[in-house]
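First the structure, in the form of structure tokens, and then the observations on it.
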Amino acid sequence: MKTSTLTSNLFDDNTLWNKLKDGDEKSFSILFERYYADLVRYGNSLSPFEEKVQDCIQDVFTDIWIYRNSLQSSVVVKAYLLSSVRKRIARLHERDHIFRKTASTDSIAFLLEFSVDHELLDEADDDAKEKIIHLNKLLNDLPARQKEALYLRYHQGLSVEQIAEMLDVNYQSASNLLHRGLMALRKDWKGSFSLFLLLSAIGF
């Protein structure tokens with residue numbers, strides 16, 4: 001049964017997480033509903049098999065419920081869920097021999113393309129539209145790891161530390177991915193719009 005939006009908005013992630021740890025099924029359901037769409041979108045960016053992605057997400061939440069007593073109390077819930085889905089998909093790739101066998105999540109490529117929000121284009125003049133579309137192309141031409149790092153930073157709001165953990169790299173490597181991606185965009189970006197606002201507006 002779906003939890004009402006009003007009820008779900010009464011509790012922050014940490015409260016829900018700790019209530020979940022204590023066996024509260026409603027808190028579990030609220031977190032599932034709150035992040036399911038984001039997790040599906042991110043999972044689909046890592047695997048072309050939509051049904052398997054949904055299975056991976058279900059498995060992550062099943063494990064959370066089964067092993068709730070052993071979960072850490074202090075976590076950034078969104079980052080934890082995104083990371084868990086990424087690791088689950090990596091194991092799926094290894095098992096199905098889709099990619100080379102490896103113990104690292106580095107084998108996963110960020111597959112989906114970014115697209116421009118139509119409302120953003122509607123509000124821009126012809127010159128700005130052309131520049132925004134060009135920026136979108138530049139973003140999609142970035143190496144997969146840089147593109148994924150930018151997505152996690154500007155669309156999911158993760159910190160550099162959280163991105164490093166998700167991508168199974170150290171802090172400096174994650175910082176470098178973000179820096180190189182931004183530098184590649186800034187090199188050709190001469191628009192009047194804020195680059196950082198546009199990165200947040202450009203989605204899937």
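The values are calculated or read from the model by the stated rules, or taken from the named source; none is laboratory data. As the structure is a prediction and not an experimental result, all values here were calculated from the model. Note: ideal-geometry Cβ built from the backbone for every residue, glycine included; neighbour counts use all protein chains shown. SASA here: full protein model, heavy atoms, side chains in, ligands and nucleic acids out. Shrake-Rupley method; radii C 1.70, N 1.55, O 1.52, S 1.80 Å.
Quick notes on this structure:
- When the pairs K26/K87; K78/K131; K52/K187 are compared against a 28 Å limit on Cα-Cα distance, K78/K131; K52/K187 fall above it.
- Inter-probe distance in nm under a simple model that places probes 7 Å from Cα toward Cβ, at S175 and K129: 4.2 nm
- When the surface is traced with a 1.4 Å probe over the full set of protein chains, S73 keeps roughly 70 Å² accessible.
- In a fully extended conformation the segment linking E25 and D188 would gain 53.7 nm over its present Cα-Cα distance, using 0.36 nm per residue.
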